[in-house]
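Have a look at the structure below before the remarks.
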Amino acid sequence: MKKTVLAIIGCGRIANNAHLPALSKMENVRVKYGCDLLIEKANALKEKFPIIEETITDYKVALADPEVEAVFVLTPNYAHYTVTMDALRAGKHVMCEKPITVNYALSCEMAEEARKQNKILNIGVCNRYHRSVEMLEQMVREGKFGNIYHVYCSFRSFRSIPGLGGAFTDKAQSGGGVLIDWGVHFLDLILYVLGGAKLQNLTCDTYCEMAKDMKAYKYKSMWAEDTKDVENGVNDVDDFVTGYIRTDKASISFNGAWAQNLKKNEMFIDFLGDQGGARLDYGKKFVYVSGETLEEEAPEYEIPNMYFCEDEDFIKSVNSGEKNRNYIDNILESAKLLDALYQSAEVKKEIVL
Ligand SMILES: NC(=O)c1ccc[n+]([C@@H]2O[C@H](COP(=O)([O-])OP(=O)(O)OC[C@H]3O[C@@H](n4cnc5c(N)ncnc54)[C@H](O)[C@@H]3O)[C@@H](O)[C@H]2O)c1
């Protein structure tokens, strides 16, 4: 069996929790390198996932190796651009984590380079491979919703600012806060389920309220706490966001909070159509209400691991040359949307696209 030879660049949480568990289950891949600036992180990943053959600190070693066909870019957001551009220019296919990078202009350059080098460049908007999302997308195509006139989504949590003072809350490194980190999934999959939608105009406000004084921020647990730096770090990103978007299909309204003084986590998307409606419980299942029967249906189905499905489809794409749903050109519209939302919040005005 042909084995696609890979390198992993960035051996942090998403490598440990999502991609290595998935790749370790595949018989048609070899992971020749695990690379991290911090060798101890690469070594720890190799120890946990023996599919990794060698650990290195300089990703250019992997790019110079003619055996390596594709790389996974699993670094913080700011490094996506440089590592991906270097990898494409070295003739490698790339699977780069979400968001594409810190802004739309650089995202377009990455897409252009992938086209120029004729390589696959996929972005890790993994929710497009979630079974519930796939089913909803199909139901929309089959007309089960009729005309979807509005979508509302909420991605709000009680206390979830990640790695306060580290890369996540430093705009220069992350590109933004809850909007780019969580909104990237919610807004991308809304556009995906709608079957693409042309953006018309939008308005947005962002707030940095809950950890203005980083040392006074109270929490019970923190994602990426090992990267926290409240003494010397920066928190200049949104912890709350709200916005309204008009498209040639549905209008979309949303609220997102990395932290708020309300205990209930509300993570869902409502699709409102004139023939049917659905609430997708994010990362879980959905309920559908038919305008005909007026009954609520809660379909029963298995949910395979979306990272496995995403990575398996990437490997297929590398070998066939066929672009799949996560090819960068199919994600650019949601990157444009995130950029315009931040722009609107900055100038405090509506943005026309
Ligand atoms: N798809 C999802 O649901 C999802 C979930 C979490 C994180 N992510 C994304 O994954 C990316 C990584 O997030 P994380 O939480 O794993 O971060 P992390 O900080 O845990 O890991 C990133 C690793 O990259 C390493 N690194 C940085 N620059 C490097 C370079 N030039 N060469 C080699 N290694 C380098 C760091 O040392 C670190 O170990 C982010 O872009 C994040 O948005 C996606």
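The values are calculated or read from the model by the stated rules, or taken from the named source; none is laboratory data. Treat the numbers as computed from the prediction; the structure is a model and nothing was measured. When we count neighbours, we look across all protein chains shown, and the Cβ atoms used for this are built from the backbone with ideal geometry, even at glycine.
In a helix (DSSP H, G or I) and either modelled with pLDDT of 95 or more or outside the structural domain of Gly273 (by TED's automatic domain parsing) (or both): does that describe Tyr244? So Tyr244 does not fit the description; no.
Looking only at residues in the stretch 146-176 that are β-branched (Val, Ile, Thr) and within 16 Å of the ligand (Cβ to nearest atom), the one that is surrounded by the fewest Cβ atoms within 10 Å (Cβ to Cβ) is Ile161.
Report the residue count in the stretch 265-313 for those that are over 30 Å from Met95 (Cα atoms) and hydroxyl-bearing (Ser, Thr, Tyr). So the answer is 3. Close contacts from the stretch 6-31, counting a first residue that is within 15 Å of the ligand (Cβ to nearest atom) and a second that is of a type in the set (Gly, Ala, Ser) and modelled with pLDDT of 95 or more, with Cβ to Cβ under 6 Å and a gap of 6+ residues or different chains, come to Leu6/Ala70; Ala7/Ala62; Ile8/Ala15; Ile8/Gly34; Cys11/Gly34; Cys11/Ala42.
In this structure, is Ile190 assigned to a strand (DSSP E or B), among the aliphatic types (A, V, I, L, M) and surrounded by 22 or more Cβ atoms within 10 Å (Cβ to Cβ)?
no
Screening Met110 on (1) within 24 Å of Phe308 (Cα to Cα); (2) touching a Cys at 6+ places or on another chain (Cβ under 9 Å) shows it passes everything except condition (1).
Consider the stretch 287-312 and keep the residues that are in a loop (DSSP other than H, G, I, E, B) and in contact with a helix residue (DSSP H, G or I) (Cβ under 8 Å, 6 or more places away or on another chain). The one that is surrounded by the fewest Cβ atoms within 10 Å (Cβ to Cβ) is Glu302. The residues of the stretch 196-230 that are farther than 13 Å from Ile161 by Cα and either within 18 Å of the chain's Cα centre (by Cα) or not assigned by TED's automatic domain parsing to the domain that holds Ala278 (or both) amount to a single one, Gly196. Restricting attention to the stretch 1-41, report how many residues are part of a loop (DSSP other than H, G, I, E, B) and more than 14 Å from Glu69 (Cα to Cα). Number satisfying all stated conditions: 11.
Beta carbons closer than 8 Å, at least 6 apart along the sequence or on distinct chains, pair a first residue in the stretch 220-238 that is of a type in the set (A, V, I, L, M, F, W, C) with a second that is part of a loop (DSSP other than H, G, I, E, B) and away from the ligand (no atom under 15 Å from the Cβ) for Val230/Tyr217; Val237/Cys208. The C-beta contact set for the stretch 91-109 (first residue within 19 Å of Leu179 (Cα to Cα), second residue among the charged types (D, E, K, R) and surrounded by fewer than 24 Cβ atoms within 10 Å (Cβ to Cβ), distance under 6 angstrom, 6+ apart or interchain) comprises Asn103/Asp339; Tyr104/Lys336; Tyr104/Asp339.
On inspection, Thr227 qualifies as of a type in the set (Val, Ile, Thr) and out of contact with any Ser or Thr (no Cβ under 9 Å at 6 or more places or on another chain).
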